[in-house]
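The values are calculated or read from the model by the stated rules, or taken from the named source; none is laboratory data. Worth saying up front: this structure is predicted, and the values here are computed from it rather than measured. Here the Cβ is made from the backbone with ideal geometry for all residues, glycine too, and neighbour counts use every protein chain on show. Surface areas here come from the heavy atoms of the whole protein model, side chains and all, with no ligands, DNA or RNA. Shrake-Rupley method; radii C 1.70, N 1.55, O 1.52, S 1.80 Å.
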Amino acid sequence: MDGGRLGPKDLKTLLGEWETSGQSAYQALADRIRLLIIDGRIPSRTKLPAERELADTLEKSRTTIVSAYGALKNTGHLVSQRGSGSVVALPHHANPPTTSPQTHLVDFARAAPAAISGLETIIQRATQHLPQVLSKTGFDLIGSPALRDRIAQHYSSRNLPTTPGQIMITLGGQHALALIARTFVRQADRVLVESPTYPHALDAFRLSGGRLVTTPVTSAGWDPDRLRDTFERVRPSLAYLIPDFHNPTGASMPPDVRSDVVERARRAGTVLVIDETTADLDLGRGWTDVPFAARADGVRTLTVGSLGKSVWGGLRIGWIRADDDVIGSLHAARAAGDLGTPELEQLVAAEVFEDYDALVQRRIAQLRHHRDVLTRELRERLPQWDVPVPDGGTSLWLGLGAPISSALALFGLTRGVSIIAGPRFGVDGAFERFIRIPYTGPVDQLTRGVHLLADTAQSLPALPAGRAAPHLADVV
Ligand SMILES: Cc1ncc(COP(=O)(O)O)c(C=O)c1O
């Protein structure tokens, strides 16, 4: 299958500020392209630009490009295909080393907490209903009536009247987004996204052929004028927003900006996709609001929810709330991708909703503590970094003060910490001066991770010029 072609200008944009003082140009280029491949910004099977074209665009010698491509071929990240040139691959390690530092990596890449305490008891309670599930097929495309009813009640109790017919149960929030993208985004549709945003949503909208248009978000929030202007100028078919404890910045959209978004969407005929995966993780915002959809009268709004952050991602239970006819379209489209959500997990999820508020309070207390530990460690060990403290969500979005995010991700791996480079959260190579660190892991891992990051950051400028710097190729 063809993975498309990446033009030299697009590759240059993705590369961002790739040259480092401590490495030869070909090594730095190979390492940066390798990172783009590993973190998914250059998909497998993509054809890279011809060597001469890239040399001209980057204003480097052809030898530099040939050597960089050669290094990528040596590590299996690039293959030569007759008639197609150099094509991206992800090397498959049949026998991954078992004793390398990778096995003890601190995971700062995923913002996914372990199960909330008390879930075990809930699972035991749920198994009392096991015979009901075992006597049937045990999976279905729309969701069990009991769970859809519980989730509908949950919205209704928060001032958003909802019927079970307006709910579809999905395999987590990501599946919901992918299904929405596949069902409602057509080739070349304009899709408004925040920048930065949750990277796998970008992947889903891109995969459906959407043309991504961005509106900026910082730790201080949205720029209402830019947001308004983008709706007017672009008239997007769909807008994907994370208004509560936005991933990765942690920002929340003020109620007046929400109303404004609804008004602009109404005028532009935009479908709103509101991701509330992190919306319950309020660590002290100081205000609450009705669910976004309660303000969106007359505007087609699809709300995505999930138990992934508040309870446990291992359940893979998410949902979509939308008008009945939208749920009908999603239902019709779903079987092409999967045949439904397991009823066993839905049994557990229905029980979870019996105790939901208490479980969320427990998660909030835990995340608040973890956020504070991480903030303290970072301010102590990396005082030169800007560490805004979010009032909710799962992660910190840090300003590094220098364009070193990809280098940190690259060399962090050699030191035992995996982290996603800032540009993965954007669409055009931006955010090289930012990095996201989740506070979802255990406290000892947060502390160790910050030590390793501080070590990595310190070693970056000290790499002696021309010397064989630690290569990503050596660890991946
Ligand atoms: C904003 C956002 N949406 C969706 C997801 C996916 O959640 P799930 O684990 O339920 O698939 C995540 C997970 O990180 C997220 O941060």
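Computed with a 1.4 Å probe over protein heavy atoms only, the accessible area of V79 comes to about 60 Å².
Taking 0.36 nm per residue of separation and subtracting the current Cα-Cα distance, fully stretching the chain between S84 and S157 would add 20.6 nm. The mean sequence separation of alpha-carbon pairs under 8 Å and at least six residues apart, normalised by the residue count of the chain, gives a relative contact order of 21 percent.
In the chain, helices alone account for a calculated mean residue ellipticity at 222 nm of -12500 deg cm²/dmol, with every DSSP H run of four or more residues adding -39,500 (n - 2.57). Computed over protein heavy atoms with a 1.4 Å probe, the accessible surface of the chain works out to 42 Å² per residue. Counting only DSSP beta bridges with both residues in segment 121-357, the antiparallel share comes to about 40 percent.
Ordered by 1.4 Å accessible area with all protein chains kept, H200, H246 run largest first as H200, H246. Distance between the 7 Å Cα→Cβ label points at S61 and L134: 7.1 nm. Mind putting a number on the dipole of the chain about its Cα centre? Charges go on the C-beta only, +1 for Lys and Arg and -1 for Asp and Glu, and I need it in Debye to the nearest 20. I would put it at about 1100 debye. The charge dipole of segment 8-88, taken about its Cα centre with unit charges on the Cβ of Lys, Arg, Asp and Glu (plus for the first two, minus for the last two), comes to roughly 340 debye.
When only Cα pairs below 8 angstrom with a gap of at least 6 residues are kept, segment 284-340 shows a relative contact order of 23 percent. Under the convention that each Lys and Arg Cβ holds +1 and each Asp and Glu Cβ holds -1, the size of the dipole of segment 229-340 around its Cα centre is about 240 debye. The residues packed around Y240, meaning those with a beta-carbon under 11 Å from its beta-carbon, carry a net charge of -2 if Lys and Arg are +1 and Asp and Glu are -1.
Surface composition of the chain: carbon and sulfur make up 51 percent of the accessible area, probe 1.4 Å.
Pairs of Cα atoms nearer than 8 Å and 6+ residues apart set the relative contact order; for segment 121-357 it is 29 percent. Taking every DSSP bridge with both residues inside the chain, close to 55 percent are antiparallel. Per-residue SASA remark: M253, around 0 Å² accessible (1.4 Å probe; ligands, DNA and RNA not included).
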